[in-house]
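Quick notes on the structure that follows.
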Amino acid sequence: MPKPNTHAKKTQIIEVLKQDYFQMTAQLQRNWTPEQHEKNRLSRSFAAFAIANLADLTPAQAANSIVNGENDNGIDAIYFDRMKKLLLLVQAKAGNAPNMGDNKKFCDGIRDLVHQRFQKFNDGFARLQQDVEDALNTNGVKILGCNIYLDESLSSHVITDLNQLKTELNQFDPRFEWQDLNISITHGWLTAKQAIAPVDVVLTLENWHCLDQPRRAFYGLVKASELASLYQQHNKSLFEKNIRYYLGAEDVNLAIA
């Protein structure tokens, strides 16, 4: 199967966000168009998706990390992994890579957080402020700033600003790193979840025949009851290697179904 292009990757990621995260990211009370509401929910869901994969959380657990909203100071999600002594800070764009202005807000927000200027953040942050304070007071804590977006790469200007922030915050102690969570990485998280153990079963094949070309194969008849039992035992594990599971109700999948 050929590797999916960028458009296909976006389609698959957005389908997962809607399926697994929209139920935890309700529409905000804003006088927006339906398109604006969907874009906002996708970005908030994408921030939670990043936290879920970086910290190995369920979607419901990760949704609690969302602080995206008015006066979020450029930070969309925050999570303190106490076991790893790791403070995760995420800016999410369910579209193109962040521009210099978007990234400046993110960098300034990280500076304000590190220097405990908490009054610059919103009520969503206040809910997680104690976790942030605990992280900053933890000896040896590491801070990871992540840009997650549905595009191929960050611009050189954005990378320069992130490296400048890293140099600034690590002047006395190497505590800050940043990570580029581009579409190749995030789509890789999806395909990695498909890399499950193979299903080994024993079936009785009746009236069977063998083919040697173009490759060796056997075909025949299997009782419908055996196939039904097989699905009851393994459910979607029988099909998860197929990317159509992530694509959802696309025209081609409806035709195949």
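Just to check I understand the Karplus step: with θ = phi - 60° and J = 6.51 cos²θ - 1.76 cosθ + 1.60, what whole-Hz values come out for the range 224-229, glycine and proline as x?
3J(HN,Hα) across the range 224-229, in whole Hz: 4, 5, 5, 5, 5, 5.
Output the relative contact order of the range 1-128, whole-number percent, from Cα pairs under 8 angstrom with separation of 6+ residues.
On the way: 145 pairs, mean separation 26.7, N = 128.
The value is 21 percent.
Of the options 103, 79, 119, report the single residue whose Cα projects farthest towards the positive end of the charge dipole of the range 53-136 (beta-carbon charges: Lys, Arg +1; Asp, Glu -1).
103
Can you work out the Karplus-derived ³J(HN,Hα) for every residue in the range 137-144? Use 6.51 cos²θ - 1.76 cosθ + 1.60 with θ = phi - 60°, whole Hz, and x for glycine or proline.
Couplings: 8, 8, 5, x, 5, 10, 10, 10 Hz.
Taking θ as phi - 60°, what are the ³J(HN,Hα) couplings along the range 34-49 by the Karplus curve (6.51, -1.76, 1.60), each to the nearest whole Hz, with x for Gly and Pro?
Computed from phi, the couplings for the range 34-49 are x, 5, 5, 5, 5, 4, 5, 5, 5, 5, 5, 5, 5, 4, 5, 4 Hz.
Give me the percent relative contact order of the range 124-206, please, defined on Cα pairs under 8 angstrom at least 6 residues apart.
Dividing the mean separation by the residue count of the range 124-206 yields 35 percent.
Which shape class, rounded, prolate or oblate, goes with the range 1-104 when its Cα gyration tensor gives a ≥ b ≥ c as root eigenvalues, a/c under 1.5 marks rounded, and past that a/b bigger than b/c marks prolate?
Note, shape of the range 1-104 comes out rounded.
Evaluate the relative contact order of the chain (contact order divided by residue number), counting alpha-carbon pairs under 8 angstrom at least 6 apart; express in whole percent.
Taking the mean separation of contacting Cα pairs over the length of the chain, I get 17 percent.
Lys and Arg at +1, Asp and Glu at -1: add these up for the other residues within a Cβ distance under 15 Å of residue 105 and post the number.
Charge balance near residue 105 sits at -2.
Only loop residues by DSSP count here, and only those with at most 14 other Cβ atoms within 10 Å; note down the trypsin sites (Lys or Arg not before Pro) in the range 29-67 that meet that. Intermediate values should be presented prior to the final figure.
Numbers: sites: 30, 39, 41, 44; in loops: 30.
Hits after loop and neighbour filter: 30.
Please report the antiparallel percentage of DSSP beta bridges with both residues in the chain, rounded to the nearest 5. Don't jump to the answer; show the numbers that get you there.
Values: 10 of 24 bridges.
Within the chain, antiparallel bridges account for around 40 percent of the total.
Treating only the Cβ atoms of Lys and Arg (+1) and Asp and Glu (-1) as charged, compute the dipole magnitude of the chain about its Cα centre; round to the nearest 20 debye.
Computed charge dipole of the chain: roughly 160 debye.
Projected onto the charge dipole of the chain (+1 at Lys/Arg Cβ, -1 at Asp/Glu Cβ, origin at the Cα centre), which of 231, 45, 58 gives the Cα projection farthest towards the positive end?
231
Roughly how big is the range 15-116's charge dipole about its Cα centre, with Cβ charges of +1 (Lys, Arg) and -1 (Asp, Glu), in debye to the nearest 20?
160
Provide the net charge surrounding residue 146, with neighbours chosen by a C-beta distance below 11 Å and charges set as Lys +1, Arg +1, Asp -1, Glu -1.
-3
Taking the Cα-to-Cβ direction at residue 191 and at residue 153 and moving 7 Å from each Cα, how far apart do the two end points lie in nm?
It works out to 1.9 nm between the two label points.
Out of 233, 27, 119, any idea which swings most in a Gaussian network model of the chain, alpha carbons joined below 10 Å?
233
Against the longest principal axis of the chain, how steep is helix 183-194, in degrees 0 to 90 to the nearest 10, with axes from Cα atoms?
Helix 183-194 sits at roughly 40 degrees to that axis.
Taking amide H atoms as placed 1.01 Å from N in the peptide plane, list the residues 5 or more away in sequence, or in a different chain, whose amide H sits under 5 Å from that of residue 142.
When sequence neighbours closer than 5 places are left aside, the close amide H contacts are 86, 87.
Only bridges with both residues in the range 52-148 count here: give the DSSP antiparallel percent, nearest 5.
For the range 52-148, the DSSP antiparallel bridge percentage is about 45.
Taking only protein heavy atoms into account and a 1.4 Å probe, give the accessible area per residue of the range 1-107 in Å².
Solvent-accessible surface per residue comes out at 52 Å².
Only residues of the range 1-42 count here: report those whose backbone N is under 15 Å from the spot 7 Å along Cα→Cβ of residue 217, or say none.
Backbone N within reach: 1.
Give, rounded to the nearest 20 debye, the magnitude of the charge dipole that the range 1-49 has about its Cα centre when Lys and Arg contribute +1 at Cβ and Asp and Glu contribute -1 at Cβ.
Dipole of the range 1-49, to the nearest 20 debye: 140 debye.
For residue 179, enumerate residues with amide H under 5 Å from its amide H, sequence gap 5+ or separate chain, H modeled in the peptide plane.
145, 146, 147
If you build a Gaussian network model of the chain, linking Cα atoms that sit under 10 Å apart, which residue out of 205, 17, 162 swings the most?
For the chain, modelled as a Gaussian network with Cα springs under 10 Å, the answer is 205.
By how many nm would the segment from residue 127 to residue 206 lengthen if fully extended, with 0.36 nm per residue of separation less the alpha-carbon distance?
22.2 nm
Mind checking which of 170, 208, 6 is farthest towards the positive end of the chain's charge dipole, using Cβ charges of +1 (Lys, Arg) and -1 (Asp, Glu) about the Cα centre?
208
Express the Stokes-Einstein translational diffusion coefficient of the range 42-152 in µm² s⁻¹, to the nearest whole number, given a Kirkwood radius over alpha-carbon pairs, 37 °C and a viscosity of 0.692 mPa s.
The estimated diffusion coefficient comes to 239 µm²/s.
Taking springs between alpha-carbon atoms closer than 10 angstrom, which of 231, 21, 149 fluctuates most in the Gaussian network model of the chain?
So, out of 231, 21, 149, the one fluctuating most is 231.
The values are calculated or read from the model by the stated rules, or taken from the named source; none is laboratory data. Everything quoted here is computed from the prediction, not taken from an experiment. We place every Cβ from the backbone using ideal geometry, glycine too, and count neighbours over all the protein chains shown. Accessible surface is based on the protein model in full, side chains and every heavy atom, while ligands, DNA and RNA are left aside. Shrake-Rupley method; radii C 1.70, N 1.55, O 1.52, S 1.80 Å.
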